[in-house]
Amino acid sequence: MSFSIYGQALSSRLLIGSALYPSPEIMKKAILASDSQVVTLSLKRQNPNAMGGEQIWRYIQEIVKVKQGFLLPNTAGCKSAKEAVTLAKMSREIFATDWIKLEVIGDDYNLQPDAIELLAATEQLIADGFKVLPYCTDDLVLCQRLYDLGCQVIMPWASPIGTGKGLMNPYNLETIRLRLPNATLILDAGIGKPSDACLAMEMGYDGVLLNSAIALADNPVAMAQAFSLAVASGETAYVAGLMPERQTAHPSTPTLDTPFWHHHGATK
Amino acid sequence: MNIFINGEQVSLLEQASVADALQQYLTEQQQALTFAVALNRDFVANSDYATTCLTEHDTLDVLFPIQGG
């Protein structure tokens, strides 16, 4: 099955962040190893004398060129719709894309999105021509509202950013999938293990966005490959169709023509 | 007049524009980098730098690409 974001076909369902790697070189190798075509990045004030950011930006440009990929700027750090809208406009000018990973944080402790500000920012950005990819909680009604506003892509969290706790509430995530069958759903944040990514794909999620689980691995390049395989595996499994879960045991081996000694107990 | 660029106080001539402020604040090498600007938390398009005038105590944010998740 093909995968696309706002009509742009993509070969990989893994979207990857560019932060927290041990070095820019490892970042580049890991992103290339992930097979991802979508790389997230951000805008920040920079000490004019510190040129590290420019090197990262150059590497990301090289990666995108090699992978024929796409930039996905975020609005990390924004706490109000106004801040997020301004940062989105700045990103659009710099990165020449109308895609925006919209983050509006309402709580510093768990970096939980502020649903009210998120909806306000989404409405303004869509009216201004942006293609919004909102990072949100696993709240069905919030996801529905975002979809109704015009978000073709919705990105509920698995768990708080950077925790690696995996899918905190599979029931909520499955419900969102079932109730929004036409939305492109990308699980974003909190993924710790390749099996988390695989589980999301087995649920029918369209993609997975992660950063820390790869960047903070002992070997980010190998972990990027592991996630690539996990996402592909989960997607293949979803398309193949999982067997229904059953409450009682069923023998795998045919029982017809079972040798007589197996019937000994049953004949009593 | 005094304005703030990325939190630092900068003295400029009266009626200076955003372009003037950037020229004074950034080195030539930095001006060649990729960046975007907000004035008092509102986006200012690159094409408007020369025609957007600053006033006392304005705040200018100059943002650069950086890694992100």
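For the stretch A:159-168, indicate whether the set of residues that are open to solvent by less than 20 Å² (accessible area, probe 1.4 Å), closer than 21 Å to A:Ile5 by Cβ and modelled with pLDDT of 95 or more is non-empty. Taking every residue of the stretch A:159-168 in turn, none turns out to be open to solvent by less than 20 Å² (accessible area, probe 1.4 Å), closer than 21 Å to A:Ile5 by Cβ and modelled with pLDDT of 95 or more. Within the stretch A:12-36, being within 13 Å of the chain's Cα centre (by Cα) and either modelled with pLDDT under 95 or farther than 18 Å from A:Ala217 by Cα (or both) holds for A:Ser12, A:Arg13. Within the stretch A:234-248, residues that are touching a residue at least 40 places away in the same chain (Cβ under 8 Å) sit with their Cβ atoms under 9 Å from residues that are part of a loop (DSSP other than H, G, I, E, B) and open to solvent by 80 Å² or more (accessible area, probe 1.4 Å), at 6+ positions apart or across chains, in these pairs: A:Glu235/A:Met1; A:Val239/A:Met1. On inspection, A:Asp128 does not qualify as without any contact (Cβ under 8 Å) to a residue 12 or more places away in the chain and surrounded by fewer than 21 Cβ atoms within 10 Å (Cβ to Cβ). Output the residues belonging to the stretch A:1-25 that are hydrophobic (A, V, I, L, M, F, W, C) and either buried (at least 16 other Cβ atoms within 10 Å of the Cβ) or assigned to a strand (DSSP E or B) (or both). Result: A:Phe3, A:Ile5, A:Ala9, A:Leu10, A:Leu14, A:Leu15, A:Ile16, A:Ala19, A:Leu20. One residue stands out among those in the stretch B:37-49 that are among the small types (Gly, Ala, Ser) and surrounded by fewer than 16 Cβ atoms within 10 Å (Cβ to Cβ): the one that is farthest from A:Val85 (Cα to Cα), which is B:Ser47.
Considering A:Ala232, A:Ala224, the condition of being aliphatic (A, V, I, L, M), open to solvent by less than 40 Å² (accessible area, probe 1.4 Å) and at pLDDT 95 or above is satisfied by A:Ala224 alone.
This table checks each residue for (1) β-branched (Val, Ile, Thr); (2) over 19 Å from A:Cys136 (Cα atoms); (3) facing chain B (nearest Cβ under 9 Å); (4) crowded, with 18+ Cβ neighbours inside 10 Å.
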{"position": "A:Leu32", "(1), (2), (3), (4)": "no, yes, no, no"}
{"position": "A:Leu41", "(1), (2), (3), (4)": "no, no, yes, yes"}
{"position": "A:Ile56", "(1), (2), (3), (4)": "yes, yes, yes, yes"}
{"position": "A:Ile63", "(1), (2), (3), (4)": "yes, yes, no, yes"}
{"position": "A:Lys67", "(1), (2), (3), (4)": "no, yes, no, yes"}
{"position": "A:Pro73", "(1), (2), (3), (4)": "no, no, yes, yes"}
{"position": "A:Gly77", "(1), (2), (3), (4)": "no, no, no, no"}
{"position": "A:Ser80", "(1), (2), (3), (4)": "no, no, no, no"}
{"position": "A:Met90", "(1), (2), (3), (4)": "no, yes, yes, yes"}
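No other residue among B:Thr34, B:Thr52 is in contact with a Leu (Cβ under 8 Å, 6 or more places away or on another chain) and either of a type in the set (S, T, N, Q) or open to solvent by 30 Å² or more (accessible area, probe 1.4 Å) (or both) apart from B:Thr52. Looking at the stretch B:1-18, which of its residues are surrounded by 16 or more Cβ atoms within 10 Å (Cβ to Cβ) and among the small types (Gly, Ala, Ser)? Selection gives B:Ala16, B:Ser17. Of (1) surrounded by fewer than 19 Cβ atoms within 10 Å (Cβ to Cβ); (2) facing chain A (nearest Cβ under 7 Å), B:His57 satisfies all except one. Which? Here B:His57 meets the rest and fails (2). Of the residues making up the stretch A:176-211, those that are in a helix (DSSP H, G or I), open to solvent by 30 Å² or more (accessible area, probe 1.4 Å) and not acidic (Asp, Glu) are A:Leu178, A:Arg179, A:Pro194, A:Ser195, A:Leu199.
The values are calculated or read from the model by the stated rules, or taken from the named source; none is laboratory data. Keep in mind that this is a model prediction, so the values were computed, not measured. Quick reminder, even Gly has a Cβ in these numbers, built from the backbone with ideal geometry, and neighbours come from all protein chains shown. Just so you know, the surface numbers come from the protein's heavy atoms only, side chains and all, with ligands and any DNA or RNA stripped out. Shrake-Rupley method; radii C 1.70, N 1.55, O 1.52, S 1.80 Å.
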